[in-house]
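S.K.: After the structure tokens below, expect a handful of questions from me.
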């Protein structure tokens, strides 16, 4: 289906349904991640941060803000998108969706758009909450929003793929808990990789999350562990790969028509 004939009403219907589910479970969807991240600010920002020196001219409490936002953003983007598309598969209503006059592009825009919106709401709420605990400045607000948006969309697409791949509820949590969360903790969320021994610095560069956190931190304070252009290329590359996989899934019907 060409972009000129996109069914806007179908996209709105899917988007509104997913957003309505979020507001029905507001505590679990929004408040719980915000409260959990607030505990990180209290422990690492106020308690531990007050005993640590500045990192690259930035107080420790402020330095970890981008990493904590990314930690929540990656997890929630994957969780929202994977659960959103898995439920129709589990309930059997996915076949109604596939037989409806709705293109694969419209389905992806609806589900991924809703998941990315939820993640952006969460990210902005955490950013506002951080102000309560730690003073900070945003050196490049436009780039901050760009990195936030690109990350939310990319990992919502990734979560959409996980939701199509998963055969049960347990599989929905395997990659976020066993892969993404450890990579985020080891990707400089709480420290600069320049603090590591030279050998570990080189090893850490194989962690893709390093580039996301580094670019996002640069948008706040103008400091980064890797070149910001490389960070931008990494997130755009990941977005392109996820788009390619989703297009392949809908073209072949893998995990959709079985």
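S.K.: Picking from 79, 29, which residue would you name as being at pLDDT below 80, surrounded by 14 or more Cβ atoms within 10 Å (Cβ to Cβ), within 20 Å of the chain's Cα centre (by Cα) and assigned to a helix (DSSP H, G or I)?
M.R.: Numbers: 79 fails: at pLDDT below 80.
Within the list 79, 29, the selection yields 29.
S.K.: Give 211, 191, 221 a once-over and let me know the one that is out of contact with any helix residue (DSSP H, G or I) (no Cβ under 6 Å at 6 or more places or on another chain) and crowded, with 19+ Cβ neighbours inside 10 Å.
M.R.: Going through 211, 191, 221 in turn, just one is out of contact with any helix residue (DSSP H, G or I) (no Cβ under 6 Å at 6 or more places or on another chain) and crowded, with 19+ Cβ neighbours inside 10 Å: 221.
S.K.: Consider residue 18 carefully, then state whether it is surrounded by 15 or more Cβ atoms within 10 Å (Cβ to Cβ) and assigned to a helix (DSSP H, G or I).
M.R.: Working: surrounded by 15 or more Cβ atoms within 10 Å (Cβ to Cβ): yes; assigned to a helix (DSSP H, G or I): yes.
Criteria met by residue 18.
S.K.: State which residue is farthest from residue 85 (Cα to Cα) when the search covers only the stretch 1-15 and only residues that are in a helix (DSSP H, G or I) and at pLDDT below 80. Steps first, please.
M.R.: The first filter runs over the stretch 1-15 and keeps only residues in a helix (DSSP H, G or I), leaving 3-5, 8-15.
Narrowing the set further to residues that are at pLDDT below 80 leaves 3-5.
Details: 3: 23, 4: 25, 5: 24 Å.
Here the answer is 4.
S.K.: Next question. Of the conditions (1) more than 28 Å from residue 5 (Cα to Cα); (2) in contact with a helix residue (DSSP H, G or I) (Cβ under 9 Å, 6 or more places away or on another chain), residue 86 satisfies every one except a single condition; which number is it?
M.R.: (1)
S.K.: Does residue 41 count as modelled with pLDDT of 75 or more and buried (at least 17 other Cβ atoms within 10 Å of the Cβ)? Don't jump to the end; show me each part of the working.
M.R.: Values: modelled with pLDDT of 75 or more: yes; buried (at least 17 other Cβ atoms within 10 Å of the Cβ): yes.
Yes; evaluated as a whole, the condition is true for this residue.
S.K.: Run residue 87 past the list (1) touching a residue at least 40 places away in the same chain (Cβ under 8 Å); (2) in a helix (DSSP H, G or I) and report the number of the one that doesn't hold.
M.R.: (1)
S.K.: Hey, another quick one. Could you say which residue among 171, 257 is out of contact with any strand residue (DSSP E or B) (no Cβ under 8 Å at 6 or more places or on another chain), at pLDDT below 90, surrounded by 14 or more Cβ atoms within 10 Å (Cβ to Cβ) and under 30 Å from residue 105 (Cα atoms)? Quick ask: steps written out before the conclusion?
M.R.: Numbers: 257 fails: surrounded by 14 or more Cβ atoms within 10 Å (Cβ to Cβ).
After ruling out the rest, the residue left standing is 171.
S.K.: Return a yes/no flag: does the stretch 225-235 have any residue that is out of contact with any strand residue (DSSP E or B) (no Cβ under 8 Å at 6 or more places or on another chain), in a helix (DSSP H, G or I) and loosely packed, with under 13 Cβ neighbours inside 10 Å. Even if it seems obvious, please write down each step before you answer.
M.R.: Restricting attention to the stretch 225-235, the residues satisfying the condition of being out of contact with any strand residue (DSSP E or B) (no Cβ under 8 Å at 6 or more places or on another chain) are 225-235.
Okay, now just the ones that are also in a helix (DSSP H, G or I), so 228-235.
Pick out the ones that are also loosely packed, with under 13 Cβ neighbours inside 10 Å and you get 229.
Within the stretch 225-235, one or more residues are out of contact with any strand residue (DSSP E or B) (no Cβ under 8 Å at 6 or more places or on another chain), in a helix (DSSP H, G or I) and loosely packed, with under 13 Cβ neighbours inside 10 Å.
S.K.: Can you tell me which residues in the stretch 52-76 are surrounded by fewer than 23 Cβ atoms within 10 Å (Cβ to Cβ) and in contact with a strand residue (DSSP E or B) (Cβ under 8 Å, 6 or more places away or on another chain)? Outline the logic, then answer.
M.R.: Within the stretch 52-76, the subset surrounded by fewer than 23 Cβ atoms within 10 Å (Cβ to Cβ) is 52-62, 72, 75.
Matches in the stretch 52-76: none.
S.K.: Determine which member of the set 98, 74 is over 17 Å from residue 23 (Cα atoms) and at pLDDT 90 or above.
M.R.: On the way: 98 fails: at pLDDT 90 or above.
Within the list 98, 74, the selection yields 74.
The values are calculated or read from the model by the stated rules, or taken from the named source; none is laboratory data. It should be emphasised that the depicted structure is a prediction, and the values quoted were computed from it without experimental measurement. Reconstructed Cβ throughout: ideal geometry from the backbone, glycine too, with neighbour counts over all protein chains shown.
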